[in-house]
Every structure is written in C-alpha cells, then in structure tokens.
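Working notes, structure below.
No lab work stands behind these numbers, since they all come straight from the coordinates. In this text the structure is predicted, and so the values were computed from the model without any measurement. Neighbour counts run over all protein chains shown; Cβ positions are idealised from the backbone, glycine included.
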Amino acid sequence: LGSYRIREDWVRFRDDTWTLWEHSLDDLKNFVKYLNELDPNIQWTFEVEDAKSISFLDVLVTREDNGDFTTSVYRKPMHSDRYLHFSSDHPFAQKLSGPSTLKSRAIKYCSNNVLLQAIEACQGLIYS
C-alpha cells in the first residue's frame with residue numbers, strides 16, 4: 001500500500017465501502033488497480049462525487065462549502081414516488097407501514113437541516 005493509509009472514517013457495508021480520498025485521482029486509479037490485482041475474484045470500482053454530492057447505499061452525501069457534510073435520502077433517477085395505493089387489496093398493516101417507513105428513513109438518513117423538508121415530502125406523497 002505504500003504511503004496509503006486506511007482512514008478511521010472508512011465505512012464498509014457488505015461489499016460497499018466509503019472513504020474520503022485525500023490524494024489525486026490518478027493515485028486513486030492506481031490504488032484501485034492495485035486492489036484489483038490482489039484477487040481476480042474480487043474487483044473494486046469507485047465513484048467520485050459529482051456537483052459536491054455522491055450516493056452511498058440509500059444516502060445522498062453532499063459536501064458543503066465550509067467542508068461539512070449533509071445527508072438526505074437518496075432516490076435513484078428512475079424513482080417514481082409511486083407507492084402502495086391505499087385502496088388496493090393489501091392488508092391494512094401494509095398500507096400503514098408505507099408512510100411510517102418513509103418517515104423512519106427520513107429521520108434516520110437526513111441531516112437536521114434537511115429533515116423537515118424530507119418529512120414534508122413524505123407527507124405530500126401520503127396525502128396526494
């Protein structure tokens with residue numbers, strides 16, 4: 001690994017990892033090439049932030065101008081905001097769990113400054 005050190009903020013969830021890379025993009029490419037040469041059955045890929053944001057699992061992480069990070073719920077570009085219709089023929093408990101799950105995700109994933117917006121968006125989906 002040479003001069004590369006795994007930081008304390010390295011996060012791993014199953015086969016997904018998150019870390020802040022403090023070296024050049026070329027160094028990152030070389031590091032990933034090195035990792036991919038260790039075992040042909042394990043191949044690494046990487047993503048670089050776009051417009052100060054990057055998704056990790058279900059979380060959108062945004063880097064603010066002051067260096068802080070804010071988080072919010074990530075939805076894929078093809079996400080349609082369509083959920084189980086309340087008049088559908090599903091058990092009542094499943095109908096109630098949808099809004100509860102959306103609210104729980106917002107509370108779990110969102111930074112304080114975007115939490116209210118996320119909850120209001122959930123309410124808009126529920127009542128529309």
Problem - Rg/Rg_globular for the range 28-111, with Rg_globular taken as 2.2 N^0.38 Å and Rg from C-alpha atoms - result: 1.58
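Given 0.36 nm per residue, what is the gain on full extension from Leu28 to Arg82 after removing their alpha carbon distance, in nm? Present the calculation step by step, with values, prior to reporting the outcome.
Values: separation 54, 0.36 × 54 = 19.44 nm, distance 3.84 nm.
Result for the pair: 15.6 nm of gain on full extension.
For the range 29-73, what class follows from the C-alpha gyration tensor (a ≥ b ≥ c being the square roots of its eigenvalues): rounded when a/c is under 1.5, otherwise prolate if a/b is larger than b/c, else oblate?
Judged from the Cα gyration tensor, the range 29-73 comes out prolate (a/c at least 1.5, a/b above b/c).
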Practice task
Straight distance only, please: which lysines reach the Cα of Lys108 with their own Cα at less than 28 Å, same-chain residues fewer than 8 apart left out?
Solution key: Lys52, Lys76, Lys95
Completion exercise
Once both label points are put 7 Å beyond Cα along the C-beta direction, the Phe56-Asn41 separation in nm becomes 2.8
